[in-house]
1. Compute the FRET efficiency between LYS43 and GLN116 as 1/(1 + (r/R0)^6), taking r as their Cβ-Cβ distance and R0 = 25 Å, and round to the nearest 0.05.
2. Among the aspartates and glutamates, which fall within straight-line cross-link reach of LYS87, defined as a Cα-Cα distance under 17 Å, with same-chain neighbours fewer than 8 residues apart omitted?
3. Per 10 Å bin, what is the whole-percent P(r) computed from every C-alpha pair distance within the chain?
4. Quick check on segment 60-124: take the gyration tensor over C-alpha atoms, sort the square-rooted eigenvalues as a ≥ b ≥ c, and tell me if it's rounded (a/c under 1.5), prolate or oblate.
5. Translational diffusion coefficient, Stokes-Einstein: compute it for segment 10-62 using the Kirkwood radius over C-alpha pairs as Rh, at 25 °C and 0.890 mPa s, and state it as an integer in µm² s⁻¹.
6. With a point put 7 Å past each Cα toward its Cβ, work out how far SER100 is from LYS57 in nm, to one decimal.
7. Between segment 88-124 and segment 7-52, how far is it from one alpha carbon centroid to the other, in angstrom?
8. Provide the percentage of antiparallel DSSP beta bridges, counting only those with both residues in the chain; round to the nearest 5.
Amino acid sequence: QVQLVESGGGLVQTGGSLRLSCAASGRPFSVLGMGWFRQVPGKEREFGAAISRSGRKTIYAPFVKGRFTISRDNAKNTVYLQMDNLKPEDTGVYYCAADSWGDGTSAAVDYEYWGQGTQVTVSS
């Protein structure tokens, strides 16, 4: 089992930044692919960004458009999502997920473990 705990959400104005963190425990972090998903009001959960277990491969959803950066610190068992130039449409609950295959994909079905989510609210 893998436990994931997100933090760093909050209220920010349009154009502002937030850095989300996700701390993992229960399995060696360096074998896990990690992803960030979000659920915005009125929509299904959608992929945001993912990173492979080594950190060498990252992928992003089109809506990110260079605004978000995913990274990981295997020594701290933590994955991060730096979000810049936030927009009101980024408002939602952001979830961290772990993939035991280690690839870090864009498909939610590939992730076995999920955090509880952290709320991000961007005011206009």
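Since every read-out is calculated from the coordinates, none of them should be taken as a lab result. Everything numeric in this text was worked out from a predicted model, so none of it was measured. Cβ coordinates were reconstructed from backbone atoms using ideal geometry, including for glycine residues, and neighbour counts include every protein chain displayed.
1. Values: r = 19 Å, r/R0 = 0.76.
The pair LYS43/GLN116 has a calculated efficiency of 0.85.
2. Straight-distance partners of LYS87: GLU46.
3. 15, 51, 29, 5, 0
4. On the way: a/c = 1.74, a/b = 1.65, b/c = 1.05.
Here segment 60-124 falls in the prolate category.
5. Values: Rh = 13.3 Å.
My calculation gives 185 µm²/s for D.
6. Result for the modelled spin labels: 2.0 nm.
7. Cα centroid of segment 88-124 versus Cα centroid of segment 7-52: 4 Å apart.
8. Working: 37 of 41 bridges.
Just about 90 percent of them are antiparallel.
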